[in-house]
Amino acid sequence: MLTSHAPPSLVKALLQLSLPPPRTVSFIPLIKILRFRTLWNSFRHFSTMSDVTISNKTAAVADSSPEHVTGDWYSVPDLRLRDHYFRVPLNYSVKHDGSPKISVFAREVVTAGKEEEQLPYLLFLQGGPGCECPRPTEASGWIQKACEEFRVVLMDQRGTGLSTPLTPSSMLQFGSPTELADYLKFFRADNIVNDAEFIRVRLVPDAKPWTILGQSFGGFCAVTYLSFAPHGLKQVLITGGIPPITQGCAADTVYRAGCEQVCRQNEKYYKRFPQDSDTVREIVMHLVESEGGGVLLPSGGILTPRGLQLLGLSALGSSAGFERLHYMLERVWDPVLVPGSRKQISYYFLNAFENSLNFHTNPLFAILHEPIYCQGAPSRWSAHRITAENEIFDAIKAAKEGRPVFFTGEMMFPWMFDEIHALRQFKDAAQILAEKKNWPPLYHIPALNENKVPVAAAIYYEDMYVNFKLAMETASQIAGIRLWITNEFMHSGLRDRGAQVLDHLLGMLNGKKPLF
């Protein structure tokens with residue numbers, strides 16, 4: 001399979017692997033492995049040239065690399081997998097040869113023994129933005145269910161995982177914040193869909209349409225797909241991911257509506273764990289009274305009262321999140337081993353705080369989070385402006401008045417780029433993106449109104465991340481969509497009960513579920 005996509009020089013080298021072995025037979029397997037690894041790594045390395053600069057000269061130099069490289073099958077329990085690397089344009093709006101190239105990685109997954117079967121393809125679009133696809137360790141959850149009838153494709157969205165990853169270290173290669181911002185503007189849903197189409201016509205036999213499953217931000221991408229490339233779609237499944245589609249920047253609407261659900265989740269949390277109200281107030285006052293208004297984090301950042309509120313991002317909106325937060329808080333203080341020593345926050349808690357945010361591994365989530373709502377208008381740090389309108393999110397005021405300190409939800413703030421070490425280098429680039437006005441469209445309402453692709457979507461009634469009312473408004477614009485509205489699951493339903501959720505959605509499209 002690899003040789004069908006590789007240049008002659010690479011084919012010749014690969015074919016040498018099958019030559020009759022010399023007398024030193026015992027060393028041949030190792031030589032084969034090392035030679036193939038060298039060739040494979042040379043392909044994977046090509047994308048670094050276009051990461052450093054987006055000049056036409058760089059793009060021209062890298063054009064000799066193959067568009068598609070396929071690896072061999074390998075195994076995890078009950079599944080067979082193989083890796084694909086695609087060389088795609090950074091910018092699809094210019095001529096194919098005129099744009100720098102990046103790598104997009106996709107992992108093909110089938111049930112063991114079905115490698116050669118003619119199965120329909122299902123592309124999974126991961127949540128985010130800026131998060132890579134899951135790495136299967138066994139046949140379980142929605143992947144196991146999907147593999148009963150599909151050949152599953154797990155695509156790392158551009159900039160994540162193995163798709164020319166944009167990490168805190170790799171992004172430092174850019175010479176200025178302006179260069180970085182100019183690069184990052186190509187990493188939204190529109191170009192993720194372009195990558196998916198690039199892959200589909202090269203991977204699916206006869207370039208037939210495929211099924212897509214979009215979770216959270218992946219559902220946003222699915223609606224973009226329906227807007228601009230419905231010819232590539234056989235059917236669409238969405239879980240917790242129907243976006244607002246109004247022209248301009250929808251972020252203000254999103255955060256105003258979202259604040260209500262965030263407040264309800266805080267209230268429910270403190271009902272479950274009333275003892276934590278005093279604990280959180282004590283932490284806030286400890287941070288206020290600390291030198292510099294906070295304490296140092298293990299990475300070199302600083303934990304402040306407003307930073308502490310970020311714990312709601314991962315804790316308030318997913319299953320077991322309440323429990324994880326409570327168990328973090330019960331270990332917030334170090335024991336006083338020496339009488340008279342000052343009380344201090346434990347290393348355990350500080351480390352758990354940073355790991356809960358994951359910005360050191362997925363910085364794009366913070367940098368691009370508000371731009372995903374922009375069509376022809378800037379976000380101007382929407383969450384920062386909207387939460388400032390409501391004093392209920394003023395942590396210091398709440399602590400001093402004896403009220404519960406409310407955590408924030410899926411909200412990004414400009415001060416995070418001062419207080420979180422992994423984000424500090426990108427403060428200026430994030431500011432440029434926050435002020436950018438000429439964002440291209442992500443949705444085409446007339447096309448959605450005339451949609452012919454079968455669509456089934458799970459809408460979670462108490463979803464903290466994707467507001468129920470806004471999701472319903474958009475759903476009314478997608479012709480033929482079938483909705484499963486439930487409060488049985490939170491936003492993490494696909495992860496928690498994936499087989500059940502996927503089976504229900506497929507049943508809605510294949511006639512197993514009643515129409516009404």
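The values are calculated or read from the model by the stated rules, or taken from the named source; none is laboratory data. From a predicted model like this one, the values you see are computed outputs, not experimental measurements. Here the Cβ positions follow ideal geometry from the backbone for every residue, glycine too, while neighbour counts run over all protein chains shown. Note: accessible area is taken over every heavy atom of the protein model, side chains too, but ligands, DNA and RNA are not part of it. Shrake-Rupley method; radii C 1.70, N 1.55, O 1.52, S 1.80 Å.
Tabulated values for the structure
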item: Surface per residue (accessible, 1.4 Å probe) for region 209-258, Å²; result: 24
item: Acute angle (nearest 10 degrees) that the helix 189-203 long axis makes with the longest principal axis of the chain, alpha-carbon atoms; result: 30
item: Tilt relative to the chain, helix 275-289 - C-alpha long axis, 0 to 90 degrees, to 10; result: 90
item: Per residue accessible area in Å² of region 326-418, where ligands, DNA and RNA are left out and the probe is 1.4 Å; result: 44
item: Charge sum, other residues only, whose C-beta stays under 14 Å from Arg281's C-beta, Lys/Arg counted +1 and Asp/Glu -1; result: -3
item: By average C-beta atoms within 10 angstrom, highest first, the peptides 322-332, 71-81; result: 322-332, 71-81
item: Rg/Rg_ref, the chain, where Rg_ref = 2.2 N^0.38 Å and atoms are Cα; result: 1.04
item: Cα centroid separation - region 439-516 against region 262-324, whole Å; result: 32
item: Semi-axes of the equivalent ellipsoid for region 240-338, Cα gyration tensor, largest first, Å; result: 30, 18, 12
item: Sequence-distant residues sharing a close amide H with Met412 (under 5 Å, placed H); result: Ala383
item: Length released on extending from Arg324 to Arg264, taking residue separation times 0.36 nm less the Cα-Cα span; result: 19.8 nm
item: Trp484 long-range amide H proximity, modeled H, under 5 Å; result: Ala457, Ala458, Ile459
item: Rounded tilt (10° steps) of 498-510 against the dominant C-alpha axis of the chain; result: 60
item: Under 19 Å from the Cα of Lys452 - lysines, other chains or at least 8 residues apart; result: Lys208, Lys234
item: Ordering of 280-289, 153-162, 430-439 by packing [mean C-beta count within 10 Å, highest first]; result: 153-162, 280-289, 430-439
item: Estimated distance in nm for a label pair at Glu401 and Gln500, the labels positioned 7 Å out from Cα along Cα-to-Cβ; result: 4.0
item: Under the Karplus curve 6.51 cos²θ - 1.76 cosθ + 1.60, θ = phi - 60°, whole-Hz ³J(HN,Hα) for region 217-222, x wherever Gly or Pro sits; result: 4, x, x, 4, 4, 5
item: Global size of region 445-503 as Cα Rg and Dmax, reported in angstrom; result: 12.3, 35
item: Mean Cβ neighbour count within 10 Å, used as a protection proxy, ranking 249-259, 500-510 highest first; result: 249-259, 500-510
item: Sum of -39500 (n - 2.57) over DSSP H runs of 4+, divided by residues of the chain (222 nm, nearest 500); result: -11000 deg cm²/dmol
item: Sparse-neighbourhood loop sites, trypsin sites (Lys or Arg not before Pro) in region 452-493 - DSSP loop, at most 14 other Cβ within 10 angstrom; result: Lys452
item: Sparsely packed chymotrypsin sites (Phe, Trp or Tyr not before Pro) within region 377-459, loop by DSSP, other Cβ within 10 Å at most 15; result: Trp415
item: Compactness relative to 2.2 N^0.38 Å, alpha carbon Rg of region 114-241; result: 1.12
item: For region 177-302: relative contact order, % (alpha-carbon pairs under 8 angstrom, 6 or more apart); result: 16
item: Computed E for Gln173/Leu296 - FRET, C-beta separation, R0 41 angstrom, nearest 0.05; result: 0.90
item: Per residue solvent-accessible surface (Å²) - region 72-175, probe of 1.4 Å; result: 36
item: For the chain, share of DSSP beta bridges that run antiparallel, in % to the nearest 5; result: 55
item: Efficiency of FRET from Cβ geometry, Arg135 and Ala479, R₀ 30 Å, rounded to 0.05; result: 0.25
item: Rh (Kirkwood; distinct C-alpha pairs) - region 170-239, Å; result: 13.4
item: Proximal aspartates and glutamates to Lys145, defined as alpha-carbon separation beneath 20 angstrom and excluding residues fewer than eight positions away on the same chain; result: Asp78, Glu108, Glu115, Glu116, Glu117, Glu488, Asp496, Asp503
item: Which listed pairs, of Lys185/Lys427; Lys268/Lys436; Lys185/Lys469, have C-alpha distances above 27 Å, in listed order; result: Lys268/Lys436; Lys185/Lys469
item: Size of region 356-513 as Cα extents on the principal axes (Å, biggest first); result: 55, 42, 31
